[in-house]
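The values are calculated or read from the model by the stated rules, or taken from the named source; none is laboratory data. Being a predicted model, the structure only gives us computed values, none of them experimental. With ideal geometry, Cβ positions are generated from the backbone for all residues, glycine too; neighbour counts draw on all protein chains shown.
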Number of protein chains: 2
Amino acid sequence: MPIPHHGQPRYRVIADELRKRIESGVIPPGALLPTESVLTAEFQASRGTIRQAIAVLREGGLATTEHGRGTYANVHLCNRNSDQRSDLETRQCEVSADTDLAALFGVEVGAALIECETVARRGKKVETVTRTYRLRPINH
Amino acid sequence: MPIPHHGQPRYRVIADELRKRIESGVIPPGALLPTESVLTAEFQASRGTIRQAIAVLREGGLATTEHGRGTYANVHLCNRNSDQRSDLETRQCEVSADTDLAALFGVEVGAALIECETVARRGKKVETVTRTYRLRPINH
DNA sequence: AGAAATTTGTCCGTATGTATC
DNA sequence: AGATACATACGGACAAATTTC
């Protein structure tokens, strides 16, 4: 018997709570989050719902999950720079809209956007850097 | 009775197949993908698995889903030659490299870069903003 | 080295809510 | 208002990677 989700969906509420814990340092950077089964017990939600919440954290770049190990809290990349980029070709994260982007998307300055960055190299030299911005989906 | 998934997971195989259809034009840009229930029938997979596959497309920027409507194939902004259709506005200008870009290109902060910005709209709504950066050609 | 336990990954089925047509 | 289509949530089962003993 599915529990209704009037208003804010359950998995987002849970994701929000976890996000607060990470950002406030209750779960320090690099530390493992509670396991899915522990979270299942704490939030009285099904495992699928917990996994959905964790997926939200991953998309926001707040956590990283490893098969068989667990989910780590990430170091927060303070406002858009700080070299966290290893040798990734493309990465995705959440950024704040600058005045330019805010005007285009019709949102407020500082609103959350998804940034997908692709680095194209020829040999070792960087040819182009492409950044694609889109609104953060309200659902999904 | 769950179906085993030795090797490549089912949802990725399905996502790959759909990606091919979008990139090859079998599903043209802007068109609706088959509904989840149709895909469920075609691939003989559960709806959850289909949704997982579509989520992969979304993350890759190949599709956009709207509640109650369906999932659209996105226009791909790959060809930078030859004018695209007029749903895309492009402008180009010179900008200064921020610390992030400077590190990538291996130049000093503030160095000149060419920024090409493309705004993709559907109707009046801005779908994506893409910014491509490259080094300014060494004089002429 | 190997077996067991732990933890995340994949997949299925079902039921109900919510937005759009 | 009804039909269609996506979103959320539950539960169960087995697979795969990691850690522990």
Q.
Considering only the range A:35-44, I want to know if a residue exists there that is near DNA strand C (Cβ under 9 Å from one of its atoms), loosely packed, with under 11 Cβ neighbours inside 10 Å and farther than 23 Å from A:Cys116 by Cα.
A. yes
Q. Does the range B:83-116 hold any residues that are in contact with a Cys (Cβ under 8 Å, 6 or more places away or on another chain) and either at the interface with chain A (Cβ under 9 Å from one of its Cβ atoms) or modelled with pLDDT under 80 (or both), and which are they?
A. B:Thr90, B:Arg91, B:Gln92
Q: Determine which single condition A:Val26 fails, assuming it passes every other condition in (1) within 12 Å of DNA strand C (Cβ to nearest atom); (2) surrounded by fewer than 14 Cβ atoms within 10 Å (Cβ to Cβ).
A: (1)
Q. Of B:Ala45, B:Ala55, B:Ala41, which residue is in contact with a His (Cβ under 8 Å, 6 or more places away or on another chain) and at pLDDT 90 or above?
A. B:Ala55
Q) If B:Ala63 passes every condition in (1) in contact with a Phe, Trp or Tyr (Cβ under 8 Å, 6 or more places away or on another chain); (2) within 15 Å of DNA strand C (Cβ to nearest atom); (3) modelled with pLDDT under 90; (4) within 14 Å of chain A (Cβ to nearest Cβ) but one, which one does it miss? A) (2)
